[in-house]
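Laboratory data are not the source of any read-out in this text; all were calculated from the coordinates shown. As the structure is a prediction and not an experimental result, all values here were calculated from the model. Quick reminder, even Gly has a Cβ in these numbers, built from the backbone with ideal geometry, and neighbours come from all protein chains shown.
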Amino acid sequence: MKIGNVTQVLNRINEIEAKFNFSSENDDKSFEKTLQKELQPTKATQNHDNKKTQDVKAILQETAQRYGVDPTLVDNLAKTESNYQTDVVSSAGAIGVMQLMPETAQELGVKNAYDPRENIEGGVKYLKTLLNKYNNTEQAIAAYNAGMGAVDKYGGVPPYEETKEYVAKVLNKN
């Protein structure tokens, strides 16, 4: 739920309370206060999210080592792509921790891109392919973001601002 939507709902609730002369003298009992309280993440939710992130990081580490890819690079890539979120979908349709496009996932043998293990397996496998193809980490990361066609066309990191920022972020250069 977007904050703007919550604000609209709260404003409407205040209008209704005023219309019916609803007394909300006791803040603890007001609906607005209750709703705001409910919107705050609980410790249980935070602990679950932390555990989930730790699980994802363990899979990233294990998979990076298996493919002989720098685990820090893989971790930075996953953080940049999805912030370790397993169920995120980008506006372009990229899915999961490693933000695999459906076509790429299929080519890599990923049957369920929402499954963190499969998604990470596919993403690290793809990254390894790019590292081998370009023998240059910056170009491989740029290709992960903008596609091999763009890197091939420009003979290196394409001049796209988004891709240049992405490469710098993944390589911790900013």
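Annotations
- For the criterion of being polar (S, T, N, Q), within 16 Å of the chain's Cα centre (by Cα), crowded, with 18+ Cβ neighbours inside 10 Å and within 19 Å of Leu60 (Cα to Cα), Thr104 fails.
- When the stretch 131-141 is filtered for residues that are farther than 16 Å from Glu81 by Cα and surrounded by fewer than 21 Cβ atoms within 10 Å (Cβ to Cβ), the ones remaining, listed by number, are Asn132, Lys133, Tyr134, Asn135, Asn136, Thr137.
- For Met98, the conditions (1) touching a residue at least 12 places away in the same chain (Cβ under 8 Å); (2) over 18 Å from Glu162 (Cβ atoms); (3) in a loop (DSSP other than H, G, I, E, B) are fulfilled apart from (2).
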